[in-house]
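Enquirer: Got a structure for you, questions after.
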Amino acid sequence: MGVKTREDYQKLLKYSKEELTRLQALPLEDKVALSKVRIQEWYEYWQGKVSVSFSGGKDSTVLLHLVRSLYPEVPAIYADTGMELASVKEFIKSTPNVVRLKPEMNFRQVIDTYGWVFPSKNVAMYVSDARRGVPYAVMMFEGKHRDGSPSVFNRDRYARWKKLIDAPFKISEKCCHVMKEAPLDKYHKETGRKTYIGLLACESKRREEAWRKTGCNAFDSKKATSKPLSFWMEQDVLAYIKREGLKIADAYGEIVEEKGKLKTTGEHRTGCIFCLIGTHLTKPNRIQRLKEIEPAKYKYCIEQLGMDEVMTWLNIPH
Ligand code: SF4
């Protein structure tokens with residue numbers, strides 16, 4: 001069995017890119033109204049057996065606020081990876097009706113067993129496949145199609161990461177699954193609840209294509225999920241927080257306007273503090289910022305988790 005080609009994926013898309021662009025251009029008021037409609041549809045379809053996946057980040061905070069503005073009793077579900085900033089943990093603790101789930105492994109066990117996720121989940125997955133000699137993955141890092149013919153897409157997207165196949169540490173995409181998805185899946189299976197997730201399509205090609213396949217409410221997907229903020233942009237999230245006076249984790253600092261755009265004075269994003277995904281793209285990167293914000297945790301990951309060796313090999317400042 002091989003991977004699906006770009007053409008295979010294109011055939012599965014139900015909505016056009018233009019439709020997404022049109023929704024993304026709506027004023028905030030209209031987005032709020034449309035998101036509430038999607039939230040209502042989901043709630044009614046599952047007869048109230050729903051939950052909100054909550055990370056303590058700004059997107060899921062906005063989502064939780066919207067859902068609870070209609071249905072105050074809906075629980076928030078939090079997969080506790082043990083890798084949040086202290087202020088995010090505090091914020092989650094102060095949020096009412098949050099169910100905390102623990103993964104079966106801690107982060108050290110995950111990297112020892114499955115390896116690091118870098119530079120993205122997608123590339124890490126193919127690196128792991130290529131190391132096991134899976135032919136299509138080997139071809140991708142050669143910049144070729146499965147049949148060996150040249151592929152511009154694979155050349156641009158994967159060939160530059162070919163060196164990762166020989167990295168002296170484990171690499172795979174499994175971390176998020178073990179630490180977040182598996183505990184959430186278990187919870188949803190046990191309770192029968194179907195979850196809302198605060199993902200924005202603008203954040204990645206993968207998320208955009210996921211929306212184009214199902215729209216916001218994926219009723220019939222294998223893993224039924226609702227993403228009512230799909231067509232929001234980061235500016236909408238910040239504007240909503242400001243307008244509604246929502247409390248967010250202290251790590252973000254204040255929301256201020258600069259050159260006509262809203263921004264946070266502290267962290268731009270929260271999430272797993274030891275995550276290597278995307279650390280080659282930002283300056284300073286997440287690990288460098290951690291050194292400033294929580295030096296003890298920085299010392300732990302550099303010295304105890306072996307991140308110094310990994311980042312040095314990857315040539316990423318830390
Ligand atoms: S965000 Fe990164 S560190 Fe956190 S669970 Fe996913 S891969 Fe692991």
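Enquirer: What's the number of the only condition in (1) at pLDDT 95 or above; (2) closer than 21 Å to Ile39 by Cβ; (3) not β-branched (Val, Ile, Thr) that Glu257 fails to meet?
Expert: For Glu257, the failing item is (2).
Enquirer: Would you confirm, using the coordinates I've provided, whether Arg100 is more than 27 Å from Ser204 (Cα to Cα) and either of a type in the set (S, T, N, Q) or part of a helix (DSSP H, G or I) (or both)?
Expert: Spelling it out, it is not the case that Arg100 is more than 27 Å from Ser204 (Cα to Cα) and either of a type in the set (S, T, N, Q) or part of a helix (DSSP H, G or I) (or both).
Enquirer: Looking at Glu84 and the list (1) within 13 Å of the ligand (Cβ to nearest atom); (2) assigned to a loop (DSSP other than H, G, I, E, B); (3) under 24 Å from Asp308 (Cβ atoms); (4) modelled with pLDDT of 95 or more, which single condition is not satisfied?
Expert: Among (1) within 13 Å of the ligand (Cβ to nearest atom); (2) assigned to a loop (DSSP other than H, G, I, E, B); (3) under 24 Å from Asp308 (Cβ atoms); (4) modelled with pLDDT of 95 or more, the lone unmet condition for Glu84 is (4).
Enquirer: I've got another one for you. Quick one: in segment 33-54, which of the residues that are out of contact with any Gly (no Cβ under 6 Å at 6 or more places or on another chain) and more than 22 Å from Ala210 (Cβ to Cβ) is surrounded by the fewest Cβ atoms within 10 Å (Cβ to Cβ)?
Expert: Gln47
Enquirer: What tally of residues in segment 107-120 results from selecting those that are within 11 Å of the ligand (Cβ to nearest atom) and either more than 12 Å from Lys170 (Cβ to Cβ) or among the aliphatic types (A, V, I, L, M) (or both)?
Expert: Total satisfying the criteria: 5.
Enquirer: Name the single residue that is nearest to Ser87 (Cα to Cα) among those in segment 257-271 being free of Cβ contacts under 8 Å to residues at least 24 places away in the same chain and part of a strand (DSSP E or B). Spell out how you get there, then give the answer.
Expert: First pass over segment 257-271, keeping only residues free of Cβ contacts under 8 Å to residues at least 24 places away in the same chain: 257-260, 265-266, 268.
Restricting the remaining residues to those that are part of a strand (DSSP E or B) gives 257-258.
Values: Glu257: 23, Glu258: 25 Å.
Here the answer is Glu257.
Enquirer: Collect the residues in segment 237-256 that are over 16 Å from Leu64 (Cα atoms) and in contact (Cβ under 8 Å) with a residue 60 or more places away in the chain, keeping them in residue-number order.
Expert: Going residue by residue through segment 237-256, those that are over 16 Å from Leu64 (Cα atoms) are 250-256.
Correct list: Asp250, Ala251, Tyr252.
Enquirer: Would segment 148-166 turn up any residue that is within 16 Å of the ligand (Cβ to nearest atom), part of a helix (DSSP H, G or I) and either within 25 Å of Val310 (Cβ to Cβ) or in the same structural domain as Lys223 (by TED's automatic domain parsing) (or both)?
Expert: Initial filter on segment 148-166 (within 16 Å of the ligand (Cβ to nearest atom)): 164.
Add one more test, that the residue is part of a helix (DSSP H, G or I), and what stays is 164.
This time we only want the ones that are either within 25 Å of Val310 (Cβ to Cβ) or in the same structural domain as Lys223 (by TED's automatic domain parsing) (or both), so: 164.
The answer is yes; a qualifying residue exists.
Enquirer: Is at least one residue of segment 215-236 within 16 Å of the ligand (Cβ to nearest atom) and assigned to a helix (DSSP H, G or I)?
Expert: no
Enquirer: Do we find that Ala251 is assigned by TED's automatic domain parsing to the domain that holds Leu229, more than 15 Å from the ligand (Cβ to nearest atom), in contact with a Gly (Cβ under 9 Å, 6 or more places away or on another chain) and on the phi < 0 side of the Ramachandran plot in this structure?
Expert: yes
Enquirer: Please indicate, with yes or no, whether at least one residue in segment 173-187 is in a loop (DSSP other than H, G, I, E, B) and farther than 26 Å from Arg269 by Cα.
Expert: The answer is no; no qualifying residue exists.
Enquirer: While we're here: Taking segment 184-236, which residues are in contact (Cβ under 8 Å) with a residue 12 or more places away in the chain and among the polar types (S, T, N, Q)?
Expert: Result: Thr191, Thr195, Thr214, Asn217, Thr225, Ser226, Ser230, Gln235.
The values are calculated or read from the model by the stated rules, or taken from the named source; none is laboratory data. As the structure is a prediction and not an experimental result, all values here were calculated from the model. A quick note on method: Cβ atoms are made from the backbone with ideal geometry, for glycine too, and the neighbour counts reach across all protein chains shown.
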